[in-house]
Amino acid sequence: MNANAEEMELRERLDLMQRMIAEGRRSTQHWAWSFLLWGLAYYVAIAWSVFGKTWAAWPVTMIAASILTSVLAARIKRREPGRTIGRALGAVWSVMGTVLFITLMALGISGRAEIHVVIAIVGAMLAVANGISGLILRWKMQLGCAVVWLATAVAACFASDMPLAILSLAAIFFCQIVFGVYGMILESRGQKRGVIHA
């Protein structure tokens, strides 16, 4: 192979990688509603457990959010074929959600669900999922969410109850609700420009 052919092949590979990253971002933007949905679900579960003082708040809310996410996801998947990067990122989030649900359910049933431990686990798991997605997509906004969740996880190990509660509520707001709305806005702008989602 001569130098020109190798350079052309390298450019084609780089172009392919850039297209895949752009496709992944569009896919994430297309699923931004799920960040918003889960952020609201967290707030509902928190409010219900604090004001309703019931153990059922978290499992009921999380199961309801899971069912709603599954129904909406099935409708989306019927309309649009999945792409490799979208399936990979979807797998990361599905596994994270399943592991998180089972782990927190086990902590709750065992009676060992101390709030600092729960927030540390949730923050760490969300940091991992956002971090993987942000690195794959080279998306600074999502990497920023990973940093916020990691900071929340670390703070859970050291902070007292009230500062930790404030930090956790702020992390949910910025990393779920704001990021979800941001992604939905980007998707809307892309649709207006005629960008087709992966």
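Applied to segment 149-156, the Karplus parametrisation 6.51 cos²θ - 1.76 cosθ + 1.60 on θ = phi - 60° returns per-residue 3J(HN,Hα) values of 5, 5, 4, 5, 4, 5, 4, 4 Hz, with x for Gly and Pro. Excluding same-chain neighbours fewer than eight residues apart, the lysines reachable from residue 140 by a Cα-Cα span under 28 Å are 77, 192. Spin-label model, residue 67 to residue 169: label points 7 Å out along the Cα-to-beta-carbon direction sit 2.9 nm apart.
Test of the criteria: in segment 32-87, which trypsin sites (Lys or Arg not before Pro) are in a DSSP loop and have at most 15 other Cβ atoms within 10 angstrom of their Cβ?
Details: sites: 53, 75, 77, 78, 79, 83, 87; in loops: 53, 83.
Hits after loop and neighbour filter: 53.
So if R0 is 25 Å, what FRET efficiency would residue 161 and residue 53 give, r being the distance between their Cβ atoms, rounded to the nearest 0.05? Efficiency at R0 = 25 Å is approximately 0.95.
Over segment 3-192, the ratio between the Cα radius of gyration and 2.2 N^0.38 Å evaluates to 1.15. Once the chain from residue 178 to residue 6 is taken as fully extended at 0.36 nm per residue, the excess over their C-alpha distance is 57.5 nm. Once C-alpha pairs closer than 8 Å and six or more residues apart are averaged by separation and normalised to the residue number of segment 3-192, the relative contact order reads 32 percent. A DSSP coil position with no more than 14 other Cβ atoms inside 10 Å describes the following trypsin sites (Lys or Arg not before Pro) in segment 89-198: 112, 138, 193. Put simply, the Cα atoms of segment 129-198 extend 49, 21, 14 Å along their principal axes, the longest span coming first.
The orientation-averaged projection of the convex hull spanning the C-alpha atoms of segment 71-137 amounts to 5.4 square nanometres.
Values in this text are rule-based calculations from the coordinates and carry no lab data. Nothing here was measured: the structure is a model prediction, and the numbers come from that model. Cβ coordinates were reconstructed from backbone atoms using ideal geometry, including for glycine residues, and neighbour counts include every protein chain displayed.
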